[in-house]
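What follows is a single structure, written as structure tokens, with notes after it.
The values are calculated or read from the model by the stated rules, or taken from the named source; none is laboratory data. Every value quoted in this text rests on a predicted model; they were computed, and no experiment measured them. Cβ placement follows ideal geometry from the backbone for every residue including glycine, while neighbour counts extend to all protein chains displayed. Accessible surface is based on the protein model in full, side chains and every heavy atom, while ligands, DNA and RNA are left aside. Shrake-Rupley method; radii C 1.70, N 1.55, O 1.52, S 1.80 Å.
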Amino acid sequence: MLKLWGRPTSNRTQKVLWTLAEVDCEFEFILASAMMGPGGHIAKGNHPFGVVDSPEYRRLNPNGRIPTIDDDGFVLWESNAICRYLAMQYAPERLYGNDVRTFASATRWQDFENNELLPPQHELVMELVRLPPAQRNAQNLDAARAAFRKRLDIVEAQLATTRYMVGDRFTLGDIPIGIRVHRWVLLESERPAFPNIERWYAEIIERPAFQRYTADPANHIEG
Ligand SMILES: N[C@@H](CCC(=O)N[C@@H](CS)C(=O)NCC(=O)O)C(=O)O
């Protein structure tokens, strides 16, 4: 059975969990992290799940980061690479219409999410949830909020022209953007209007695969 090392509160682990649900693949989940444990973030004095610093884990993933998978001896790390593998191996039709150009367009949105949306949202999570209040910084929060919204303008413009991130079908490209938007909705009660993102978000959160591991707010705003 496929093994996944990670933690449900990790947004990168979440990409893999959602993809596993989409491709309907059973797996063994091994909790692993140097940053968080059952009680929350180590910045608040909690014990981490561990595992990631062990020699055994470092042999699988020399970065000591999560997520990592082992699929019948095939080991892979980097969350978006894992999602691409799962899509190609288990559900090419479902996750990109088995079409190279659709695949390329979807992976473009994976890279956009990783390079543009993730860094400011990481700051938002730290400033709003994970750092102890005494360590929070209002300027950092404002800068992260502005940077994140600026990148959302690009998502909004795309969704003004297509139903999903790539054309009129759900693809691999909707998963990481969906996780960013879900976290943002949970984190920020006051949000500027993004009508097309709202329409798309309302649709994707109805997916059973999203509901299975990703919907639960505890996986996004606790810690
Ligand atoms: N580019 C890597 C980054 C991996 C990464 O930084 N993962 C975070 C969790 S989202 C991590 O390992 N944090 C430290 C920990 O929890 O031990 C990927 O996308 O997989």
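Here are some notes:
- On the chain, 50 percent of the accessible area sits on carbon and sulfur atoms, based on a 1.4 Å probe.
- Working note: Cα gyration tensor of segment 98-214, eigenvalues times five, square-rooted, sorted largest first, giving semi-axes of 27, 14, 14 Å.
- Positive-end ranking of Leu76, Gln14, Ile42 along the dipole of segment 2-94, with charges on Cβ about the Cα centre, is headed by Ile42.
- Cβ charges +1 (Lys, Arg) and -1 (Asp, Glu), total dipole of segment 2-94, debye: 480
- Using the average count of surrounding beta-carbon atoms within 10 Å as a protection proxy, the listed peptides 59-71, 206-218 rank, highest first, as 59-71, 206-218.
- Solvent exposure of the chain, expressed per residue, is 47 Å² of accessible area, with all protein chains present and a 1.4 angstrom probe.
- When each of the peptides 119-131, 169-181, 191-203, 145-157 is scored by the mean number of other C-beta atoms lying within 10 Å of its residues, the order from highest to lowest reads 169-181, 119-131, 145-157, 191-203.
- Sequence-distant residues sharing a close amide H with Ala32 (under 5 Å, placed H): Gly6, Arg7
- Of all lysines in the structure, the ones whose alpha carbon falls short of 22 Å from that of Lys15, not counting any fewer than 8 places away in one chain, are Lys3.
- Translational diffusion coefficient of the chain (Stokes-Einstein, Kirkwood radius from Cα pairs, 37 °C, 0.692 mPa s): 183 µm²/s.
- Spacing of the modelled spin labels on Asn137 and Thr162, each 7 Å from Cα toward Cβ, amounts to 3.7 nm.
- Magnitude of the charge dipole, the chain, Cβ model with Lys/Arg +1 and Asp/Glu -1, debye to 20: 440
- Helix-only [θ]222 nm of the chain, DSSP H runs n ≥ 4, -39500 (n - 2.57) each, per residue, nearest 500: -15000 deg cm²/dmol
- Spatial separation of Cα centroids for segment 86-102 and segment 114-169, in angstrom: 27
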